[in-house]
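The values are calculated or read from the model by the stated rules, or taken from the named source; none is laboratory data. A quick note: this is a predicted structure, and the numbers were derived from the prediction, not measured. Cβ: placed from backbone, ideal geometry, glycine included. Neighbour counts: every protein chain shown. To get the accessible areas, we keep the full protein, side chains included, count just its heavy atoms, and leave off ligands, DNA and RNA. Shrake-Rupley method; radii C 1.70, N 1.55, O 1.52, S 1.80 Å.
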Amino acid sequence: MTSATLLFLVLILLSVPDVKSSESLFKLKCQPAVGVIGQTTHISCSIEFYTKPKPVVINTVALTRSGEKKSCFAIRPFENKRIGDSRFEVEKEPSLQLHNTAISDEGEYRYYIRTNLGQEQVRFTINVTAKYSNPIITSVQKEIVNDGAADLYCSASGGYPAGTIHWFDQSNTNWTKSATLQSTQGNDGLFSLSSKLSFQKIDSLWAPFRCVVLNNRYEEEGGTTSTLEIKDNWDNPPSSSSTVNNGIAGVVVIGSLIVGLLIVLLFKRRRNQHIPPTSDGTVKNNIAPCVVFIGSVIVGVLTAVLFKQRRDQRK
Ligand SMILES: *[C@@H]1O[C@H](CO)[C@@H](O)[C@H](O)[C@H]1NC(C)=O
Ligand SMILES: *[C@@H]1O[C@H](CO)[C@@H](O)[C@H](O)[C@H]1NC(C)=O
């Protein structure tokens, strides 16, 4: 590459802003390009005639980043001369391709061509993407216990641009609003996402949890279902066994009442058989069943209270 060629190309590029498409017989069109990091990006361009199509011969192409004067790629096919980034190529005139796409290639470009029928230029963008790794779910707690605290993390890395993470439980309830997302960009430009979902009291019925990674267009890129085990702690029985305890307490209270009532009836009958009773006996006969009855009720209530206390202690 001689410096004369470089000068020539620089002169071409400096003249680019003067190009007026209205003077051309044709229009150069390019689609916005979306590339994947490390892969080849195709920049699809075409020539559209305003009038009857004629054979076009391209003498020069030059690609310049918006805001820059020097082109990042230029070629004059007939002179076998090229400058700039060797990753660019004319794929099939006037389409281009970019090998080994990098994040730094993202941006707006000005594409200029000079032909036997005149010159034309167009602007297009290159966007770059990278797919996130499949997410991984971890927890802060070594062991997650039902009704206990739990902090779940879902992490994915190596993606571009910044994406997001959504959470769902076993019944597909969306927990995303309760989660906080942290997005960090590494030196390589790639993003790492980490979403934290915290529970003060987790319910084993919600498991397994699923987290989903979405790219910046909200398209799902991957998902993981948690394999975390939520233990039923025996000091902390699930609600069904509390119901059983409530039932037992109830049976004890009602049983005590029935026993009390039966004793009262028995005393009454015995009193009626002893006619005529002494006034002293009447008082005795009335007090004894009452004491027994009240005693039974107290025993029943105490038993119920005891059951409830033991159950509450387990919570
Ligand atoms: C595409 O790239 C342009 C230029 O860098 C940028 O402004 C835009 O946000 C990108 N679009 C998407 C969807 O990432
Ligand atoms: C889940 O919730 C998030 C945040 O509110 C929302 O952006 C997302 O669209 C929801 N996803 C579904 C599938 O409903």
- Quote the Stokes-Einstein diffusion coefficient, in whole µm² s⁻¹, for the stretch 23-129, based on the Kirkwood radius over alpha carbon pairs, a temperature of 37 °C and a viscosity of 0.692 mPa s. 233 µm²/s
- Extension gain (nm, one decimal) between residue 231 and residue 141, 0.36 nm per residue minus Cα-Cα: 31.2 nm
- Beyond 26 Å (Cα-Cα) in this structure, taken from 69/131; 27/70; 27/69; 29/52; 29/131; 177/201, we find 69/131; 29/131
- Item | Accessible area in square angstrom per residue, the stretch 23-129, 1.4 angstrom probe | 51 Å²
- tail above 17 Å in the computed P(r) of the stretch 136-230, as % of all Cα-Cα pairs, reads 47 percent
- Which FRET efficiency value, to the nearest 0.05, is calculated for residue 25 and residue 103 with the Förster distance at 35 angstrom and r the Cβ-Cβ distance? 0.35
- Can you pull the percent of the stretch 83-137's accessible area that's carbon plus sulfur, 1.4 Å probe, other chains left in place? 45 percent
- Could you list the GluC sites (Glu not before Pro) in the stretch 100-176 that lie in coil according to DSSP, counting only those with at most 14 other Cβ atoms within 10 Å of their Cβ? 143
